[in-house]
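Novice: Right, I'll just put the structure down here and ask away after.
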Amino acid sequence: MSDILKFPEFSHTPVLLKESIEALQVMPQGVYIDCTVGGGGHSLEIAGKLDFSKRTLRANPNPKRTSGALLCLDQDRQAIEAAKIKLANFPVILINDNFTNIKKHASEQGFTDADGILMDLGVSSHQLDSAERGFSFHEDAPLDMRMNPAEGNLSAYDVVNTYSAEDLTRILFHYGEEKFARGITSGIIKAREESPVKTTNQLAEIIKNNVPLKIRKEKNPCRKTFQAIRIEVNSELENIEKALPEAFELLKSGGRLAVISFHSLEDRIVKNSFKQLSTGCICPPEFPVCVCGNKPKGRLVYKKPVTAGQAELENNIRSRSAKLRVIEKI
């Protein structure tokens, strides 16, 4: 039985939908890549603007191409299955893989001259709402948090029960920006000495019992720790750092890379990567002439990140932290 039938409907409201599609400047004969198709919301908007009438099996790399093309990736198999249903009326290419392999798949499918590439980072609404995936601290479930459980790789259970106190503190502090990291780590170490920490509820209780009462009264204190463990499990930041330059390389001149991030760690990587790509001469200011020969490879489409408007903020709570940055290849 398909995962789509076994689990709740893959519902995911695309964030900054209008803004990201406008930023990509989708053309009917253009070639596009959605690196994180999720439930297919952004891809559906892109596909609806493309002319597939003269489509070949692969995207035509010729600048005078006569048909649009769309390649969609996602490491979550449930997302790919959902996208197959949503995009059933369009001849898009769907691949179940992490966007760190974008260069490989783009080359194989003929998408090495892309007009636009989109990355919607972070965890999807469906992953958070599927309790059995272990992403949420609101529902009890086995500690998992893998975006691609089929790979059988590191899980949240492994992190919580096998990492040293030093490593746990490091990831909570750096990936969760959790100032009570040491206390929470101490609580985890003490609890697992008695028996393994197996569920999200167990972990949530440990966190709550190891932060000040004032913090517990102000807000749920679990978010930062769950975020940190999820990032570690899925190597999220390392993957972004690897994929951004490869995605930019796949663009044709004038093509655009649009990235939506949801927390400061992701956004910082995107911001710094785009700054590096759009920076020209890096010679010291006292040099009379440029000797480095460095030229900008792209230009920032927006000086500041695009954020959600009031209407979207009222209708989609997840949009509050979303930031869209866009760079155009020169």
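Novice: Mind listing whichever residues of the range 13-36 are free of Cβ contacts under 8 Å to residues at least 60 places away in the same chain and not acidic (D, E)?
Specialist: L17, K18, I21, P28, Q29 - these are the residues of the range 13-36 that are free of Cβ contacts under 8 Å to residues at least 60 places away in the same chain and not acidic (D, E).
Residues are listed down the side, and each one gets a yes or a no for (1) over 16 Å from L237 (Cβ atoms); (2) at pLDDT 95 or above:
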site: D129; (1), (2): yes, no
site: F137; (1), (2): yes, no
site: Y163; (1), (2): yes, yes
site: L168; (1), (2): yes, yes
site: E178; (1), (2): no, yes
site: A181; (1), (2): yes, yes
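Novice: Among the residues of the range 188-237 satisfying the criterion of being open to solvent by 10 Å² or more (accessible area, probe 1.4 Å) and of a type in the set (G, A, S), which is nearest to R146 (Cα to Cα)?
Specialist: The qualifying residue nearest to R146 (Cα to Cα) is S235.
Novice: Is the range 260-267 home to any residue that is assigned to a loop (DSSP other than H, G, I, E, B), hydrophobic (A, V, I, L, M, F, W, C), more than 30 Å from R146 (Cβ to Cβ) and open to solvent by less than 30 Å² (accessible area, probe 1.4 Å)?
Specialist: no
Novice: When the residues of the range 134-162 are filtered to those that are open to solvent by less than 60 Å² (accessible area, probe 1.4 Å) and among the β-branched types (V, I, T), which remaining residue is nearest to the chain's Cα centre (by Cα)?
Specialist: V159
Novice: Looking at the range 299-327, which of the residues that are among the basic types (K, R), within 30 Å of T279 (Cβ to Cβ) and not in a loop (DSSP other than H, G, I, E, B) is most open to solvent (accessible area, probe 1.4 Å)?
Specialist: R299
Novice: I've got another one for you. Quick one: in the range 287-298, which of the residues that are open to solvent by 40 Å² or more (accessible area, probe 1.4 Å) and touching a helix residue (DSSP H, G or I) at 6+ places or on another chain (Cβ under 9 Å) is nearest to G254 (Cα to Cα)?
Specialist: In this case the residue turns out to be K297.
Novice: Quick test for you: out of I231, I317, I240, pick the one residue that is aliphatic (A, V, I, L, M) and over 14 Å from the mean Cα position of the chain (by Cα).
Specialist: The match here is I317.
Novice: Please go through the range 299-314 and pick out each residue that is without any contact (Cβ under 8 Å) to a residue 60 or more places away in the chain and farther than 23 Å from G255 by Cα.
Specialist: Across the range 299-314, the qualifying residues are G309, Q310, A311, L313, E314.
Novice: Tell me, please, whether a residue that is open to solvent by less than 30 Å² (accessible area, probe 1.4 Å), touching an Asp or Glu at 6+ places or on another chain (Cβ under 6 Å) and assigned to a helix (DSSP H, G or I) can be found in the range 245-254.
Specialist: no
Novice: Quick check on the range 17-55: of everything there that is touching a His at 6+ places or on another chain (Cβ under 9 Å) and part of a loop (DSSP other than H, G, I, E, B), which residue is modelled with the lowest pLDDT?
Specialist: Within the range 17-55, the match that is modelled with the lowest pLDDT is G39.
The values are calculated or read from the model by the stated rules, or taken from the named source; none is laboratory data. Just so you know, these numbers come straight off a predicted model, no measurement behind them. Every residue, glycine as well, gets a Cβ built from its backbone with ideal geometry; the counts of neighbours run over all protein chains shown. SASA here: full protein model, heavy atoms, side chains in, ligands and nucleic acids out. Shrake-Rupley method; radii C 1.70, N 1.55, O 1.52, S 1.80 Å.
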